[in-house]
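Just below is one structure, and these are the notes that go with it.
Read-outs: derived from the displayed coordinates by stated rules, not from any lab. Keep in mind the model is a prediction, meaning the values are calculated, not measured. All Cβ positions, glycine included, derive from the backbone under ideal geometry; neighbour counts span all protein chains shown.
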Amino acid sequence: MQNPYLPYPVRIDEIITETEDKNLKTFKLVFINPEDEKKFSYMPGQFAELSVAGKGEIPIGIASSPTEKGFIKFTVNKVGLVTTCLHSMKPGDIIGVRGPLGCHPWDTLKGKSVVIIGGGFAFTTLRSSIVYMLDPLNRKNFKDIHVIYGARSPGMLLYRNELAAWETRDDIKMHITVDGTDDPEWKYNVGFVPTITEQKAPSGDSDTFALICGPPIMIKFTQPVLDKLGHAHDHIIMSLEMRMKCGIGICGRCNIGKEYVCKDGPLFTLAELNNMPKEY
Amino acid sequence: MRFITIDKNSWANGLENLYGNYRLFGPVKNNNQHFFKELAKGELPDFNYLNTRLSPKSLVFPQTEIMFEFSLDENDEQHHILKEINKDYSPRALIGIRPCDAASFMLVKRNFDTPEYKDNYWLHAYESTIFAGLACDNPCNTCFCTSAGCGPFHEDGLDLLLVDEGDKFIVKILTPKGDNFINSAGWETEADPTASEKIIAEMQIKAEEKIASSVSTDKLKNKSTIKLYDGTFWDDIAFACINCGTCTYVCPTCWCFDIQDEVTRNSGIRIRNWDSCMYPLFTLHGTGYNPRNTKMQRVRQRFMHKLKYYVDKYGDGIQCVGCGRCIRLCPVNIDIRKVCDIMNNYEG
């Protein structure tokens, strides 16, 4: 019987500081036992528990895509004990990864148009989703792909090189925005995510799903915009966050009603959330 | 169904025979309260009790349990890699567990033994345990097991049931595990099944009649979760609560836990500890945001979980066996029976 609490050992291969405030770093991790990489078979939208021996575990969305082989990536915001320790680590250090955990939306999204709406550092699993959909083997499985992604300033955007590369493609419509900037070189949008969504997002129909990941304030103001654009609530998929420990629906803390965000989520449609207590 | 009788004169002798084959646990009196503890050789369980102060859940789900160990010494080849540790899952017997407490393990098992994930620690401990129940002839005034899907002679979760009949026990053997246990003790006085069944049935009726309080749960399943959650009664229920967590601590069906790392010099352990939905830290986000920031929200979570979310999730009754410990020990007299009735009858 496999112990679901035992992390796979991984080595930190590379650490990239992503944002100008240096509070977000991407950790590229390589499995120490190659057979563990096969066991860690994931899809975009899922998360994992990163484990630092002596500090503890934290649930973090997987930023790499399963189409990228040989490593997994996590972008970590420096917040508490474990993340602060992670930020002080160096390539070569050993940590652990437990997962993949949580559900993913890809059975639903196959053959559909996808509107990705992301804000701040919640863009990590959305990056995974975009890389996955743009993979030459997968792109034909999706219709139009729109991405609305906003951050406070240009320097706070994650994965800037990839954003620029996606901007030049014709099989994905990028709508990058910042809350404000005095950078004369800035050639993309300026405005909050809900505003840009209203201007740029396609209207809803039965073949279009919106995938939203961001801070509560962004979600709160984006939702009425999507209503206005005619996106049905069962076609809006949101990713929730909760304090978690076990990550497998057993330790009891991350529930909303009878659903555990770690195991039954973290993705819920707005239609599902409408029928759950507003305790998140 | 096999029945035997155990003459109380041969009780100690049988336990003595079991001693090498099982670790024996039973109720023992300490500071005027009974607690389950491991019995030393020759030590007898004390059956002169209504129920133990704490539920016996810790025998399967310890209050603190080591999950892994690790070395932080970089000279160690496997440093920073978590390692499983050897644990003692040799056969053990819980002697004299009350039927309500035994039934609680069945409710809790649904959480630790799921189609997707198996909690090794809980399951191994559970599977290595024999549950030798002791029927209740004399329930407490806070007991409401008969309306909580349970009862003083309830058999779910038991391997055998001991019924105290003066100078002997009648034993109803319920599983092969129970059979092995009885054989291992050398108790072999077969009893007539029909006559035994009849005596037990009569005693059961008398015991059930003594249970003075009840809860109504029939309408919970069809109530709207949102309406109950938004109910107007929660502030009143939570008003006196001091979030001490005693209710979750003594509850046989509360299973929530925390995971922490502890380090001493160059090595450490990952442990899990009982946690409680009564505490703000239980749900506090790293950002400082807390979805259950007020005590009312936490009290609501406890009762909604036991009496509605669990009912909805498993479709088979409430997450409560009616042992009454939380009622007896709550310092401000919050009574789950009243809360359950309010929820069951709420028409908001």
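Here are a few things to note about the model shown:
- Residues B:Ile211, B:Ile226, sorted so that the one with the fewest Cβ neighbours within 10 Å comes first: B:Ile226, B:Ile211
- Count, lysine Cα pairs under 18 Å in the range A:77-190, 8 or more residues apart or across chains: 9
- Test item: B:278-289 mean partner chain Cβ contacts at 10 Å: 4
- Taking packing as the residue-averaged number of other Cβ atoms within 10 angstrom, the listed peptides A:117-127, A:167-177, B:162-172 run from highest to lowest as A:117-127, B:162-172, A:167-177.
- Cut-off under 5 Å, modelled amide H: who pairs with A:Ile176 long-range: A:Tyr149, A:Asn189
- Listed residue pairs exceeding 27 Å between alpha carbons, taken from A:Lys258/B:Lys219; B:Lys109/B:Lys168; B:Lys177/B:Lys210; A:Lys22/A:Lys200: B:Lys109/B:Lys168; B:Lys177/B:Lys210; A:Lys22/A:Lys200
- Fraction in percent of alpha-carbon pairs per bin - 10 Å, the range B:1-110: 11, 32, 30, 15, 9, 3, 0
- Integer Hz, Karplus 6.51/-1.76/1.60 couplings in order for the range B:248-255, x for Gly and Pro: 6, 5, 8, 6, x, 9, 7, 10
- Of the DSSP H helices in chain A, those that are both long (alpha-carbon extent of 15 Å or more along the helix axis) and hydrophobic (Kyte-Doolittle mean at least 0.5) are A:124-134.
- Kirkwood hydrodynamic radius (C-alpha pairs) into Stokes-Einstein, the range B:156-293, 10 °C and 1.306 mPa s, D in µm²/s: 75 µm²/s
- Per-residue HN-Hα couplings for the range A:3-12 [Karplus 6.51, -1.76, 1.60; θ = phi - 60°; Hz; x = Gly/Pro]: 7, x, 9, 8, x, 7, x, 9, 10, 6
- Less than 5 angstrom separates the built amide H of A:Leu211 from those of A:Val115, A:Ile116, A:Ile117, A:Ile237, all sequence-distant by 5 or more or on a different chain.
- Partner shielding of A:47-53 amounts to 4, given as the average count of beta-carbon atoms from other chains within 10 Å of each residue beta-carbon.
- Relative contact order for the range A:106-239: 29 percent, from Cα pairs under 8 Å spaced at least 6 residues apart, divided by residue count.
- Order by protection proxy (mean Cβ within 10 Å, highest first), peptides A:192-202, A:58-68: A:58-68, A:192-202
- Tensor-based shape of the range A:106-239 (alpha-carbon gyration tensor, a/c under 1.5 rounded, otherwise prolate or oblate): oblate
- Rg over Rh, two decimals, chain B (C-alpha only, Kirkwood Rh): 1.00
- Part-to-part distance (alpha-carbon centres) for the range A:53-110 and the range B:106-184, which is given in Å: 42 Å
- Mean separation of Cα pairs under 8 Å and 6 or more residues apart, divided by the residue count, gives chain A a relative contact order of 17 percent.
- A Gaussian network model of chain B, with springs between Cα atoms under 10 Å, assigns the largest mean-square fluctuation among B:Leu59, B:Leu158, B:Leu50 to B:Leu50.
- Residue-wise HN-Hα coupling along the range A:77-83, computed from phi with Karplus coefficients 6.51, -1.76, 1.60 (Hz; x: Gly, Pro): 7, 7, 10, x, 4, 6, 5
- Sites A:Lys143 and A:Asp227, calculated FRET efficiency, Cβ-Cβ separation with R0 25 Å, nearest 0.05: 0.70
- Percentage, to the nearest whole number, of Cα pairs in the range A:8-101 over 16 Å apart: 49 percent
- Note on the protein assembly as shown: dipole from Cβ charges, positive end direction compared against A:Phe192, A:Phe40, B:Phe25; the farthest Cα belongs to A:Phe192.
- Measuring nothing but how far apart in sequence close Cα pairs (under 8 Å, 6+ apart) lie, relative to its length, the range B:235-348 scores a relative contact order of 28 percent.
- Per-residue mean of foreign Cβ neighbours for B:79-91 is 3 (Cβ atoms of other chains, 10 Å radius).
- Residues B:Tyr121, B:Tyr346, A:Tyr8 arranged by fewest to most Cβ contacts within 10 Å: B:Tyr346, B:Tyr121, A:Tyr8
- Rg to Rh, two decimals, where the protein assembly as shown supplies the alpha carbon set and Rh follows Kirkwood: 1.04
- Cβ screening of chain A for cysteine pairs under 4.7 Å finds these without a partner: A:Cys85, A:Cys103, A:Cys213, A:Cys254, A:Cys262.
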